[in-house]
Every structure is written in structure tokens, then in C-alpha cells.
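Below is one structure, written out as C-alpha cells; the observations come after it.
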Amino acid sequence: MTHLGRREALRLVIAPLALGALGAFRERPRPAAPLRVLVVGGHPDDPESGCGGTIARYVDAGHAVVVLYLTRGEAGIEGRTHDEAARIRTAEAERACTLLGASPRFAGQVDGDTRVDAAAYAAVRALFDDVRPDVVLTQWPVDTHRDHRAASLLAYDAWLRTGRRAALGYYEVLTGDQTQLFRPTDYVDITSVAPRKRDAVFAHASQRPAEWYPAHERMARFRGMEHQCELAEAFARHDGGPALPLPA
Ligand SMILES: [Zn+2]
């Protein structure tokens, strides 16, 4: 039987414990000042396809992410009533958020019939007051889809009305087809979390993501070229608030 010296015993016992602790730290660190990140989108699948990688990276760094869907995608499944589609797409959004580690919220508007009026401004403002975000990521306002424009304008207004306390950035979706005139100022390397982003997007099975996700993958590759990495998501920073603290 071998008698272990004190140093050897320490190496065998303490080192694995330390490594285990390091592993836990790597899984979900606890930043000194965790951020509250609010991601706003018109429909279930917009936040995931536009910045799902960045959401995953925020969560992995120990920050809290709330995803606010303006609608439940009521008009988004052919042959289904609004109620049926909303039920299916709400479940898909919840599953996508679980995969990313985010919390879903719904603003109560209806897909294809979104409103930008006093009541809508007040409703989104109330959600901002409740979440009290440090960072807001919303859709770029010049977009071929009305609901995307509505989501962007409502979030922008709430940002203004809450005194520009949060950092504000815009994300893109299907640039060229939907997002127009987008010029990025900031990038997030999503190479390490790309499979998780893909899974979150594919949680929206009713939207047949296999037909359009390849375009998002091409976008991520192109943004990666601009950012000198393999895959990236791009953002347009809104000046006038705090600096945009994106995952490094
Ligand atoms: Zn959409």
C-alpha cells in the first residue's frame, strides 16, 4: 500500500474539487453586476433568428434575458385559427426560450394586426417598467414586415420614455428580404453557441425553419467575415444611452 505524502494527497483531493468548481464557474458564472436584457420581437422566432446566439451568450455569462414577443404568431399557420396558431406558437416560443435559458413574455397584440397607438405604447412601457432592462435589443425599424416595424417603434418609444436608462441596440432578420438599410456598428461572435441558436429557431417547427434558416446561416457567416470570426450576429447601436454591453 502506498503512503501518500501531504502534497500528493492535496493534489489528488483538492485539484479535482478546484477543477469541478472551475467547471461550474464556466457553465454559469455570476457576474458582479448581472444585466437584465430585454429582447423585443414582433413574432415568435424573430428574437431567436435575429439574436439567439447573443441571447445564449448573455445567459451563459450569468445575465438574465427576457424575450418579449409582441404577438403570439396568430396569423402564422395556414389552415389554423388564430387561437390554434397562438397556442402552438406560444409553446414553440416557450421551448425556444428554455433552450436559450431566457424567459418569455407576451405583449398581447395580434400577428398581422399590430397597433402602434397610445394603448400599445402604454402597454409596452408598462412591460419595460416591470422588467427594468439594462439592455434592450429590438428589431431594426426599416423592415418589410409591419409587425417588425411595430415592435421596433414600441420598444424605441418605451426606451425614450424610461429616460434612455438602458443601452439600446437593433438586430436584423433576413436582411435584404425583411430588414432594409441595416448598417451594423457592433458584433457578437456566436460560433460557440451556433448549434443552440439553431435548435432554438428549429423549436418553431410550425414555421418550417428548414426553408429559411439557411439564409440566416449565410448572414451569420457574412457578419463573421466582417467581425473576423466564423459566425456572428450584428447590431446597430443607438447612441444617446449607455454603451451597449454586448458579450465580448
Ligand atoms: Zn417576424
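The values are calculated or read from the model by the stated rules, or taken from the named source; none is laboratory data. Predicted model only: the values in this text are computed from it and were never measured. A quick note on method: Cβ atoms are made from the backbone with ideal geometry, for glycine too, and the neighbour counts reach across all protein chains shown. Note: accessible area is taken over every heavy atom of the protein model, side chains too, but ligands, DNA and RNA are not part of it. Shrake-Rupley method; radii C 1.70, N 1.55, O 1.52, S 1.80 Å.
Some observations on this one:
- Residue match in the stretch 205-214 (condition: closer than 22 Å to GLY62 by Cα and within 16 Å of the ligand (Cβ to nearest atom)): no
- Residue within the stretch 37-45 that is in a helix (DSSP H, G or I), in contact with an Asp or Glu (Cβ under 9 Å, 6 or more places away or on another chain) and either at pLDDT 95 or above or within 13 Å of the ligand (Cβ to nearest atom) (or both) present: no
- Note on the stretch 53-140: enclosed strands (runs of 3 or more DSSP E) holding 1 or more residues that are polar (S, T, N, Q) and without any contact (Cβ under 8 Å) to a residue 40 or more places away in the chain are 103-109.
- In this entry, VAL67 passes the filter for residues that are crowded, with 16+ Cβ neighbours inside 10 Å, at pLDDT 50 or above and touching a Cys at 6+ places or on another chain (Cβ under 7 Å).
- Options ASP129, ASP134; residue that is acidic (Asp, Glu), more than 16 Å from the ligand (Cβ to nearest atom), closer than 23 Å to PRO242 by Cα and surrounded by fewer than 17 Cβ atoms within 10 Å (Cβ to Cβ): ASP129
- The residue list MET219, MET225 contains one member that is over 25 Å from ALA155 (Cβ atoms) and either open to solvent by 30 Å² or more (accessible area, probe 1.4 Å) or in a helix (DSSP H, G or I) (or both), which is MET225.
- Positions within the stretch 174-206 being without any contact (Cβ under 8 Å) to a residue 12 or more places away in the chain and in contact with a Cys (Cβ under 8 Å, 6 or more places away or on another chain), in sequence order: none
- Selected residue (criterion: nearest to the chain's Cα centre (by Cα)) from residues of the stretch 150-175 that are away from the ligand (no atom under 16 Å from the Cβ) and of a type in the set (Gly, Ala, Ser): GLY169
- Qualifying position, being among the charged types (D, E, K, R), modelled with pLDDT of 95 or more and touching a helix residue (DSSP H, G or I) at 6+ places or on another chain (Cβ under 8 Å), among ASP239, ASP186, ASP199: ASP199
- Selection within the stretch 164-200 - open to solvent by 30 Å² or more (accessible area, probe 1.4 Å), outside any loop (DSSP other than H, G, I, E, B), under 26 Å from ALA150 (Cα atoms) and not charged (D, E, K, R): TYR187
- Residue among ASP130, ASP143 that is within 19 Å of the chain's Cα centre (by Cα) and farther than 28 Å from GLY176 by Cα: ASP130
- Among (1) open to solvent by less than 20 Å² (accessible area, probe 1.4 Å); (2) farther than 27 Å from VAL188 by Cβ; (3) in contact with a His (Cβ under 8 Å, 6 or more places away or on another chain) - the single one ALA96 does not satisfy: (2)
- Within the stretch 176-198, the set of residues being more than 17 Å from the chain's Cα centre (by Cα) and within 16 Å of the ligand (Cβ to nearest atom) comprises GLY176, ASP177, GLN178, GLN180, PHE182.
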